[in-house]
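To start, the structure under review is shown below, and the notes come after it.
The values are calculated or read from the model by the stated rules, or taken from the named source; none is laboratory data. This structure is a prediction, so every number in the text was calculated from the model and none was measured. Quick reminder, even Gly has a Cβ in these numbers, built from the backbone with ideal geometry, and neighbours come from all protein chains shown. Calculation scope for accessible area: heavy atoms of the full protein, side chains included, ligands and nucleic acids excluded. Shrake-Rupley method; radii C 1.70, N 1.55, O 1.52, S 1.80 Å.
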Amino acid sequence: MMPDDRIPDDRIPHDDPAGRSDDLDSSGQQVASRAAFRARALLAAGVACCLGLTVLAQTRPRVADPAPPAPAAAADASGRVEPEVASRARARASASPARSATDEDPDTVTARPEPTRPAPVAGLTRAQMDNAEAIVRAGREMGVPRRALVIAVATAMQESTLYNVASGVLPESQRHPHQGVGWDHDSVGLFQQRSSSGWGPVGRLMDPEFATRQFLTALLRVPGWQRMRLTDAAQAVQVSAYPGHYARHEGLATEVVDALLPSVG
């Protein structure tokens, strides 16, 4: 509340009913007293206002300074990258090593086609062609000449019609992969070889490639087999009751070997 700058009634002279100021000293003193009182009142009000502002400024919460802006990733006008930006770029590059141009993306890799097998020829089934391929492959691994391959295929055509045949007499042979059952004593496999005659274990003779190696090993021991007729060379190994029957398969066997050699190598 502002102080009342009015002069109390007891200080107003009452000896002059008309309110004249005949006495100049007395009148000037009253005016000066009123001015001084009013100045002191205004000064007090100003001091109180300043004190209030000071208290308000001290109790007002301080606002945190804004964070400095992050450095720009782009280079400046001179093309120079700021050191902090460059270090961050190097860290990202080391965390993810560059892929080689020859690396394959697992999402885009396509399955590579398997080598195609020659289609059956000479009227053979797929199973017969696969068995003939096993004969040619085994012969190539042994390094025998092409003529020996033709003799071996022709012999298998006669003995088992190029099927891997088990024996009804030997239940053991039927426990191995086979494509039919025969009843010619204990003869098994593509070449109808007999374990009882020393050709090898029954389980091994049911493997087309093992049976082929056994046949070719015996053929290579026949003196002059290269100059013999096909049926005579086959008979020298097989000792069959029908020695002339191998000759009828020579043409077909030649066609099959010619079709398989490029793929077998």
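In this Cβ point-charge picture (+1 for Lys and Arg, -1 for Asp and Glu), the stretch 110-265 has a dipole of about 320 debye about its Cα centre. With protein chains left intact and a 1.4 Å probe, residues in the stretch 135-265 average 47 Å² of accessible area per residue. Taking the 1.4 Å solvent-accessible surface of the stretch 166-265 as the whole, the part contributed by carbon and sulfur is 53%.
Between amide H atoms placed 1.01 Å from N, distances below 5 Å from Ser167 occur with Ser173, Gln174, Gly182, all of them 5 or more places distant or on a separate chain.
For the set Arg175, Arg213, Arg204, the ranking by accessible area, highest first and with no ligand, DNA or RNA atoms included, is Arg175, Arg204, Arg213 under a 1.4 Å probe.
Exposure check, 1.4 Å probe, all protein chains in place: Ser195 carries approximately 40 Å² of accessible surface. Ranking His176, Val165, Gln238 by how far each Cα lies toward the positive end of the dipole of the stretch 163-265 (charges on Cβ) leaves Gln238 at the top.
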